[in-house]
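Accompanying notes for the structure given below.
Where a number appears in this text, it was derived from the coordinates with a stated rule and is not lab data. Note that this is a predicted model, so its numbers are computed, not measured. All Cβ positions, even for glycine, are placed from backbone atoms using ideal geometry, and neighbour counts span all protein chains on display.
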Amino acid sequence: MSDSDDFPLELFQPSIDVSKTGDTLSTPGNVVDYLITVVNTGSLDSPDLVNGYYFDSLLGVLDGDNPYITTSTCGDRLPVAGTCTIEASRTVLPDDPDPLGNTVDVSYNPEGGFPNVIADSASHEVDLVYPGFTVTIAGEPASAGVGDLVTYTIVIENTGDVDLNEITIVDTLLGDLSDLLPDTLAAGESAVVVVSRVILSTDPNPLVNETTATYQVDGLPNQITVTAGFSVEIITPCAKSPGFWKGGDGRPKWDDLLSDPIAHEAGFENDTVFPWVDPILAGTTYLGILDLSANGDVTRQLSFKYVAARLNQAAFGMRATTALLLNDIDLYLAQHLVGSDPQGAAGDRGQALKTALDTYFAEVGEDNCPPSSEF
């Protein structure tokens, strides 16, 4: 004897799918936006899911009290085939790890008192970058006169860990330099631009310029701006005559002074022997050079004005081009001693240097010199 009975048992398959997306590149101080999407992927005969719980390892419990949430359609219940989303924003902190990762965990129970925990999780990662760069400017010479050429060297160094895209590079004196530098500056690399400019009579003193560079990281809204400056002292043109330095126009002769402070600044004293003299003039001092008769010798004429020019340089400063001329005269007199009366090509060379020195005294002159009592 046998018997049987049937009991229908309805089986359903609850499940959820969680995804998390957001910005993938950021830097401290920037806001990262996140989007969390939850989908009830259970079978159509499954009951609704209830007791929804949402927790993020970076953002915390994702409920109505969470300060990072901007909008949310997720709550206690999620019907079959239903979808809900959570949008959240968080500012990257300076001490956040790199990469900045986080995981969201979501869980429900099937409605009807079922104890089953239906859960899923999703992770997201943000690459943190630390952009930065420096700008330095150097000028040569640092002091110059009207008509002199000043050469500026501008160096931009990428000190960050990410490539930088050029936006603008503008100098208040030199203009737009953007086309002279690369469009992209790789991490750790430097770019150099060299620009020259002539000092103008209308330029202020000191002549200050500022270079402002702006760069941006591809994929980030931030624009980084750095400014650096440089200052050139414009030398006021002044040149007292050789006769003045010899002891005219109210100036005491050197031999009336124990130590002339301007001569000392120029590198010699009353009794300092001039280094480049012919043996017949051995022992002639710088002061003595000013007392030499010309005798038609270009070296005597040149050295007389050379000493006066060195004193002008010590007292008032000098254009860079004239300072170079004095260096050329140094070399010439070292080869053709004072009193040697060179002829031919050497004599012509001496005459050319003397003419250039005469031009210095004529062009600069005494109009801008301070009163003799002030130096």
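Just a few scattered comments:
- Length released on extending from residue 149 to residue 187, taking residue separation times 0.36 nm less the Cα-Cα span: 10.3 nm
- Cα gyration tensor, segment 235-335 - rounded (a/c under 1.5), prolate or oblate: oblate
- Alpha-carbon centroid distance for the pair segment 31-96 / segment 298-375, whole angstrom: 85 Å
- Farthest positive-ward along the chain dipole, Cα basis, beta-carbon charges - from 130, 101, 26: 130
- For the chain, size of Cβ-based charge dipole, Lys and Arg +1, Asp and Glu -1, in debye: 2800 debye
- Among the listed values (i) 4, 16, 14, 12, 10, 9, 8, 7, 6, 6, 4, 2, 1, 1, 0, 0; (ii) 5, 23, 35, 24, 9, 3, 1, 0, 0; (iii) 5, 18, 25, 23, 16, 8, 4, 1, 0, the one matching P(r) over Cα pairs in 10 Å bins from 0, in percent as calculated from this structure is (i).
- Summed side-chain charge close to residue 169 - residues other than residue 169 whose Cβ falls under 10 Å, Lys, Arg +1, Asp, Glu -1: -4
- Rounded FRET efficiency, nearest 0.05, which uses the C-beta distance separating residue 159 from residue 116 and R0 of 56 Å: 0.50
- Under the simplified labelling scheme, the residue 359-residue 37 pair shows an inter-label distance of 7.8 nm, with each label point 7 Å from Cα along Cα→Cβ.
- Counting lysine pairs in the chain that sit 8 or more residues apart in sequence, or on different chains, and whose Cα atoms lie under 27 Å apart gives 8.
- A simple spin-label model places the labels of residue 282 and residue 83 10.6 nm from each other, with each point 7 Å out along Cα-to-Cβ.
- Once C-alpha pairs closer than 8 Å and six or more residues apart are averaged by separation and normalised to the residue number of segment 242-374, the relative contact order reads 25 percent.
- For the listed peptides 268-276, 308-316, a ranking on the average number of other beta carbons within 10 Å per residue, highest first, reads 308-316, 268-276.
- Rounded, prolate or oblate (a/c below 1.5 giving rounded, otherwise prolate when a/b exceeds b/c) for segment 6-130 by Cα gyration tensor: prolate
- Helical contribution to [θ] at 222 nm, DSSP H n ≥ 4, -39,500 (n - 2.57), averaged over the chain, rounded to 500: -6000 deg cm²/dmol
- Separation of the residue 21 and residue 55 label points, Cα + 7 Å toward Cβ, nm: 2.7 nm
- Three-way shape call for segment 133-234 based on the alpha-carbon gyration tensor, with the a/c threshold at 1.5: prolate
- Per residue, the average separation of C-alpha pairs within less than 8 Å and at least 6 apart gives segment 76-127 a relative contact order of 33 percent.
- Taking each residue as 0.36 nm, the span from residue 103 to residue 125 lengthens on full extension beyond its C-alpha to C-alpha distance by 7.0 nm.
- Relative contact order of the chain, pairs being alpha-carbon contacts under 8 Å that are 6 or more residues apart, as %: 12 percent
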